[in-house]
Amino acid sequence: MKALRPTGATDTWVAHEDVPQPRPGPDEALVKVEAFAVNRGETFLLEHPRPGHRPGKDVAGLVVQAAADGSGPAACTRVVGHPMAGGWAEYVAVPTSALAPIPESIPAVRAAALPLAGLTALRLLRTAGPVAGRRLLLTGASGGVGHYFTELAAGAGAEVTAVTRSPERGRRLIELGATEVVHDLDDAVGPYDVVLESTGGTELPRALARLRRRGLLIWFGQASRTPITLDFFDLFAGPESATLRHFHYLDFDTPYATDLATLVRLVDGGRLHPEVDRIADWSETGSILTALRERRVRGKAVLTIS
């Protein structure tokens, strides 16, 4: 079968190669991939790839071989999956605990945009706790996680202020329920009950300053790749006794399959809208990764396997 392997070069990123078809474990299904999504964080791993690593965490396709232990979807079931690796290929073995069926009403391209960003957004909302009537500040909001989180939080009754780089990147967030979109933290008027920060560098201390007393700041990324310096004496200027919490979407007991099924149900019911900005054949994966790295993608980018 064909698969994409990292080249270690940031001008090409990946190249096609012939590899053996995966041999699923007892609790894994073999999925014929129709579409896969790429994530900006994955480009960082491609800079200095580990030997033998094949990327790919977001896939949608068809089960061609059900799990031997009888778990998960049957053969010929359309599915969305979240393998830990290997999804940028014609076939991938996916644990049944990370697979969910998708109805005919959801195209593979939309389903492939769900796993990593959707799981992160859904679990961020759980971490934030009850949000009805609360004011939330979300930095780095123009990516896939930001779009999903904004719609989920607004649907749950929160007032969401989203921070994006430009009006163009923020326009869709208003349509998805954001109360306001700002392009500089100086324009975000606090205090906020919850701050969700994913930029890092100098942005986290500025966002923290807009948190109310005893509020919650959830740190879930460092897109700037710049270290954060905090002066805890600044807490006395407003966010006194605040809670700072590190978040990682892996740190949950709920199986991916359960949360993927929730995301699929919300999409099918018209309550969640995958924001797919770029769709291309997987022969164009390199150029799409460059666009993603340079922040020229709003929402998600999806590649199809022809």
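The values are calculated or read from the model by the stated rules, or taken from the named source; none is laboratory data. On a predicted model such as this, the values are computed, not experimentally measured, just so you know. In this analysis, Cβ positions are derived from the backbone assuming ideal geometry, glycine residues included, and neighbour counts consider all displayed protein chains.
Of the residues 259, 268, 253, only one is outside the structural domain of residue 41 (by TED's automatic domain parsing), at pLDDT 95 or above, acidic (Asp, Glu) and loosely packed, with under 15 Cβ neighbours inside 10 Å; which? Let's see the steps before the verdict.
Details: 259 fails: loosely packed, with under 15 Cβ neighbours inside 10 Å; 253 fails: at pLDDT 95 or above.
From the options 259, 268, 253, the qualifying one is 268.
Taking the stretch 156-172 on its own, how many of its residues are at pLDDT below 95 and either over 24 Å from residue 37 (Cβ atoms) or assigned to a helix (DSSP H, G or I) (or both)?
6
Looking at residue 283 and the list (1) surrounded by fewer than 15 Cβ atoms within 10 Å (Cβ to Cβ); (2) hydroxyl-bearing (Ser, Thr, Tyr); (3) closer than 20 Å to residue 102 by Cβ, which single condition is not satisfied?
The number of the failed condition is (3).
Filter the stretch 67-108 down to the residues that are under 18 Å from residue 270 (Cα atoms), under 18 Å from the mean Cα position of the chain (by Cα) and either surrounded by fewer than 23 Cβ atoms within 10 Å (Cβ to Cβ) or modelled with pLDDT under 95 (or both) and list them by number.
The answer is 108, and nothing else.
Determine which member of the set 141, 153, 132, 111 is crowded, with 22+ Cβ neighbours inside 10 Å and in a loop (DSSP other than H, G, I, E, B).
Working: 153 fails: in a loop (DSSP other than H, G, I, E, B); 132 fails: crowded, with 22+ Cβ neighbours inside 10 Å; 111 fails: in a loop (DSSP other than H, G, I, E, B).
The conditions single out 141.
Is it the case that the stretch 255-270 has a residue that's more than 24 Å from residue 119 (Cα to Cα), out of contact with any Lys or Arg (no Cβ under 9 Å at 6 or more places or on another chain), part of a loop (DSSP other than H, G, I, E, B) and of a type outside the set (Asp, Glu)?
To start, the set of residues in the stretch 255-270 that are more than 24 Å from residue 119 (Cα to Cα) comprises none.
Checked the stretch 255-270: no residue is more than 24 Å from residue 119 (Cα to Cα), out of contact with any Lys or Arg (no Cβ under 9 Å at 6 or more places or on another chain), part of a loop (DSSP other than H, G, I, E, B) and of a type outside the set (Asp, Glu).
Hand me the list of strands (runs of 3 or more DSSP E) wholly inside the stretch 1-61 holding 2 or more residues that are at pLDDT 95 or above, crowded, with 22+ Cβ neighbours inside 10 Å and not basic (Lys, Arg).
Numbers: elements: 2-6, 14-18, 28-38.
Correct list: 2-6, 28-38.
Going through the stretch 271-280 one residue at a time, which ones are among the aliphatic types (A, V, I, L, M) and surrounded by fewer than 22 Cβ atoms within 10 Å (Cβ to Cβ)?
Taking the stretch 271-280 as the starting set, the residues that turn out to be among the aliphatic types (A, V, I, L, M) are 272, 276, 279-280.
Passing the criteria: 276, 279, 280.
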